[in-house]
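Worksheet: one structure, shown below.
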């Protein structure tokens, strides 16, 4: 009688992504606290991908840090800067809870902020690709590579009211933050490889920034 060994599949399942919540504030201050913001369903393999933007006070203020219930998130890539608009993408493994207090801090007074939260399940926190367009054009655009089974997120900020249109990723929010300033975010999971995926957002004014990042399953 032949006995065949049991072979277990070592295939890594595709990652999933869900939009959890957002927070906007138009106060002139250095630090912003999103109290009790939604962070998705708790799970051992949950990673939070958090986008942040600042706007409207001066041309020199930059991101300093972002924490989730006191734990520091890691910034991905580099900060996008155009005039008074700045943007960053952050990640942190965070398996517990369905809400959290997120504190976004700048190195000086900012005119307001926008924070977006995605809950990703089964990803590596090391970005596969990161791209930004900080040239300030009406339709900022990047070419992003996304691995099979991975996820991608993007964020934009503009000196205009809400009403932007995304290409390449599904819009998850688009809100007016104060008169003449809006924040918007997008994100998706992909079963197949996306090579040079065009991710763009159409605004109606200049001085815009766009950031996008992808993460592999893992």
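The values are calculated or read from the model by the stated rules, or taken from the named source; none is laboratory data. Fair warning: this is a prediction, and the values are worked out from it, not measured in the lab. Ideal geometry is used to build each Cβ from the backbone, glycine not excepted, and the neighbour counts take in all protein chains shown.
Restricting 97, 187 to residues that are under 17 Å from residue 18 (Cβ atoms), out of contact with any helix residue (DSSP H, G or I) (no Cβ under 6 Å at 6 or more places or on another chain) and assigned to a loop (DSSP other than H, G, I, E, B) narrows the list to 97. Just to be sure before I move on: is residue 196 at positive phi and out of contact with any helix residue (DSSP H, G or I) (no Cβ under 7 Å at 6 or more places or on another chain) in the structure I sent? In short, yes. Exactly one residue among 139, 192 is at pLDDT 95 or above, assigned to a loop (DSSP other than H, G, I, E, B) and over 17 Å from the mean Cα position of the chain (by Cα), and that residue is 192.
Screening region 77-103 for residues that are farther than 13 Å from residue 46 by Cα and out of contact with any strand residue (DSSP E or B) (no Cβ under 6 Å at 6 or more places or on another chain) and picking the one that is surrounded by the fewest Cβ atoms within 10 Å (Cβ to Cβ) gives 78.
Of all residues in region 70-87, those that are farther than 17 Å from residue 54 by Cα and over 18 Å from the mean Cα position of the chain (by Cα) total 1. If you check residue 109 against the conditions, is it surrounded by fewer than 20 Cβ atoms within 10 Å (Cβ to Cβ), over 17 Å from the mean Cα position of the chain (by Cα) and at pLDDT below 95? Yes, satisfied. If residue 149 passes every condition in (1) under 20 Å from residue 216 (Cβ atoms); (2) free of Cβ contacts under 8 Å to residues at least 60 places away in the same chain; (3) buried (at least 18 other Cβ atoms within 10 Å of the Cβ) but one, which one does it miss? All conditions are met except number (2). What about residue 116, is it under 15 Å from the mean Cα position of the chain (by Cα) and surrounded by 13 or more Cβ atoms within 10 Å (Cβ to Cβ)? Against the criterion (under 15 Å from the mean Cα position of the chain (by Cα) and surrounded by 13 or more Cβ atoms within 10 Å (Cβ to Cβ)), residue 116 qualifies. In region 177-202, the qualifying residues are those that are surrounded by 19 or more Cβ atoms within 10 Å (Cβ to Cβ) and free of Cβ contacts under 8 Å to residues at least 60 places away in the same chain, and the one that is farthest from residue 24 (Cα to Cα) is 194. Of all residues in region 112-120, one or more are over 27 Å from residue 203 (Cα atoms) and assigned to a strand (DSSP E or B).
Of the residues making up region 167-184, those that are modelled with pLDDT of 95 or more and assigned to a strand (DSSP E or B) are 167, 171, 172.
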